[in-house]
Amino acid sequence: MKHIYTHIIILLVFALNTVAQKEHTSIKFTENKGQFENFINFKLAINEGDIYLEKNKITYNLFSRDLISEIHHGNKTNTFPINGHAYSVIFEHSNPNPQIVKEKKSTNYSNYFIGKDKSEWASYVYDFQKIIYKNIYNGIDLKYYGHYGQVKYDFIVEPGANPNNILLRYDGIDKMSIKNGHLFMETNFGTLVENSPYAYQWIDGKQKKVECKYHLKNNKLSFVFDE
């Protein structure tokens with residue numbers, strides 16, 4: 001199967017079936033200036049835990065933030081153990097050092113004064129609403145952002161690039177399946193869903209849908225495009 005792609009965008013949405021992110025919650029990616037582990041580039045705190053953007057993978061650390069807060073304030077008892085789950089999505093065969101572009105910088109900042117060693121303190125730490133990994137695959141950019149409280153990420157395929165190079169490996173998931181075009185993942189935290197992909201390209205100034213669906217094999221996810 002041969003294609004000549006002019007400019008295609010694959011839009012993906014990560015959604016939690018357990019507790020939905022509040023619609024008007026702002027998605028903020030906090031830059032790592034030494035307050036997190038070195039392998040982390042950005043951290044996104046959501047109601048259901050934390051999401052870490054790393055060099056060539058995303059790590060999800062899921063737990064009930066609201067429940068833990070209520071326990072700390074003495075509003076909940078007999079709630080242990082608290083279910084949680086961590087897993088990673090690795091961009092297989094991706095470029096090892098993509099260029100990272102930060103957009104929509106926050107006006108306010110945070111300071112992290114952790115411990116007594118001042119060399120490990122981090123000051124003027126800003127948040128960003130959009131993060132782009134340029135050339136994560138040759139000719140393909142990866143953009144993270146939020147929309148109505150949901151975490152979205154797009155693969156932007158430039159002319160001549162091959163979207164079939166995109167391969168996502170899921171580590172730490174108990175069971176994965178595709179139902180009605182959506183990706184379902186069973187974890188200790190509950191059922192997680194990545195909605196079916198939506199792909200389109202611009203032709204003569206008009207948006208044209210490109211038929212696209214998931215292909216899952218051995219916990220590795222790729223995309224199939226109809227001829």
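Side notes on the structure shown:
- Residue in the stretch 158-169 that is small (Gly, Ala, Ser) and loosely packed, with under 12 Cβ neighbours inside 10 Å present: yes
- Criterion: under 15 Å from the mean Cα position of the chain (by Cα) and touching a residue at least 24 places away in the same chain (Cβ under 8 Å) - qualifying residue of Ser110, Ser106, Ser88, Ser94: Ser88
- For Phe189, the test of being touching a helix residue (DSSP H, G or I) at 6+ places or on another chain (Cβ under 7 Å), touching a residue at least 60 places away in the same chain (Cβ under 8 Å) and either surrounded by fewer than 14 Cβ atoms within 10 Å (Cβ to Cβ) or within 24 Å of Thr59 (Cβ to Cβ) (or both) is failed.
- Residue match in the stretch 150-172 (condition: free of Cβ contacts under 8 Å to residues at least 12 places away in the same chain and assigned to a strand (DSSP E or B)): no
- Residue match in the stretch 179-186 (condition: of a type in the set (A, V, I, L, M, F, W, C), crowded, with 18+ Cβ neighbours inside 10 Å and over 22 Å from Leu53 (Cβ atoms)): no
- Of all residues in the stretch 173-184, those satisfying the criterion of being in contact (Cβ under 8 Å) with a residue 24 or more places away in the chain and closer than 16 Å to Ser88 by Cα are Ile173, Met176, Leu183.
So that you can scan it fast, the table gives a plain yes or no per residue for (1) hydrophobic (A, V, I, L, M, F, W, C); (2) under 16 Å from Tyr87 (Cβ atoms); (3) surrounded by fewer than 19 Cβ atoms within 10 Å (Cβ to Cβ):
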{"site": "Tyr137", "(1), (2), (3)": "no, no, no"}
{"site": "Tyr145", "(1), (2), (3)": "no, no, yes"}
{"site": "Gly149", "(1), (2), (3)": "no, no, yes"}
{"site": "Lys152", "(1), (2), (3)": "no, no, yes"}
{"site": "Ile173", "(1), (2), (3)": "yes, yes, yes"}
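- Test: residue in the stretch 60-83 that is in contact with a strand residue (DSSP E or B) (Cβ under 9 Å, 6 or more places away or on another chain), under 24 Å from Ile173 (Cβ atoms) and either modelled with pLDDT of 95 or more or of a type in the set (Lys, Arg) (or both): yes
- Filtered by the rule that a residue be among the aliphatic types (A, V, I, L, M), under 17 Å from Asn162 (Cβ atoms) and at pLDDT 90 or above, the stretch 200-227 gives Leu221, Val224.
- Candidate set: the stretch 90-131, residues that are part of a strand (DSSP E or B) and among the aromatic types (Phe, Trp, Tyr); chosen: the one surrounded by the fewest Cβ atoms within 10 Å (Cβ to Cβ): Tyr124
- Any hit, the stretch 121-134, residues being among the acidic types (Asp, Glu) and farther than 27 Å from Asn32 by Cβ: no
- Among the residues listed as Ser222, Ser196, the single one being free of Cβ contacts under 8 Å to residues at least 60 places away in the same chain, touching a Phe, Trp or Tyr at 6+ places or on another chain (Cβ under 9 Å), within 25 Å of Asn47 (Cβ to Cβ) and not acidic (Asp, Glu): Ser196
The values are calculated or read from the model by the stated rules, or taken from the named source; none is laboratory data. Just so it is clear, the model here is predicted, and its values are computed rather than measured. Positions of Cβ are generated from backbone atoms using ideal geometry, with glycine treated the same way; all protein chains shown enter the neighbour counts.
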